[in-house]
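The values are calculated or read from the model by the stated rules, or taken from the named source; none is laboratory data. As the structure is a computational prediction, the values presented were derived from the model and not from experiment. With ideal geometry, Cβ positions are generated from the backbone for all residues, glycine too; neighbour counts draw on all protein chains shown. For the accessible areas, the whole protein counts, side chains as well, though only heavy atoms, and no ligand, DNA or RNA atoms are used. Shrake-Rupley method; radii C 1.70, N 1.55, O 1.52, S 1.80 Å.
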Amino acid sequence: DIGEAEFLPGLMQRVRAEAPHVRIETHQLDYAAIEDALDSAKIDVAFGYLPGVEATAQQRLFMERYVVLARADHPVLTARPSQAVLARLDYVVVRHHTETAKVLDRLALSAKVRLSIPHFMVIPAIVGATDLAVVLPLRIARKFAAGGRCRIALPRWSIAEIAIALHWSHRAQGDPGIRWLRQMATELFREAPRRGATLGH
């Protein structure tokens, strides 16, 4: 659901302008099913941070980082929390986005999880009304914090940034419809690489 919130508004605006009769359908798949789904044309493209999905053609769109989100007046969370501050928090975790649970595990904070849910979009209501915090990507955290009920903290941790990419099957490299969709998505979402960064293709 965070991928849909990030990509679909801009993508649908462009599709409606260029090809108003085209229908877009989204699917949420386990990582292990994505390569077969692309190769068998069950899906045309895949967006996101997809660890283990390597035998595809792909274009990096942007780099993302994990942050902590909590209610605006949280009594413990600081703007640049240390490991000691993070250890004082209780967390909500989204099961399908397994990378956030891995972040908590690497920080030895798994025992501090108090709520496990299937989707991200209910997060603002939960953290805005409780002392629970959540680890999530910065872009969606900014959307959740825009209403003023929640705020973002940038922990002093060594969790690496992740690459958000567009994936498609090598078999579909020449397909004109998929090429049109890829080109559109790249124009909409690809950020220029930062100085010193390298692009993967």
HIS27 paired with LYS42, simple spin-label distance in nm, labels 7 Å along Cα-to-beta-carbon: 0.5
Accessible carbon and sulfur surface of the chain relative to its total accessible area, %, 1.4 Å: 52
Candidates ILE24, ILE117, ILE162, ranked by Gaussian network fluctuation over the chain, Cα under 10 Å, top entry: ILE24
Relative pair counts by distance (%), Cα atoms of the chain, 5 Å bins: 1, 7, 15, 17, 18, 15, 12, 9, 5, 2, 0, 0
Proximal aspartates and glutamates to LYS42, defined as alpha-carbon separation beneath 15 angstrom and excluding residues fewer than eight positions away on the same chain: GLU25, ASP30, ASP175
Whole-number accessible area per residue in Å² for the chain, which is evaluated in the context of all protein chains at 1.4 Å: 54
Considering only the chain, percent of DSSP beta bridges that pair antiparallel, nearest 5: 75
Cut-off 9 Å between beta-carbons: net charge of the residues surrounding MET184, Lys and Arg +1, Asp and Glu -1: 0
Exposure ranking of THR78, THR56 by accessible area [1.4 Å probe, largest first]: THR78, THR56
Pairwise FRET efficiency - LEU188 versus ARG88, Cβ, R0 = 41 Å, nearest 0.05: 0.55
Relative contact order (%) - criterion: Cα under 8 Å, at least six apart; region: the chain: 36
Where HIS74, HIS27 fall by accessible area, highest first, once all protein chains stay in place (1.4 Å): HIS27, HIS74
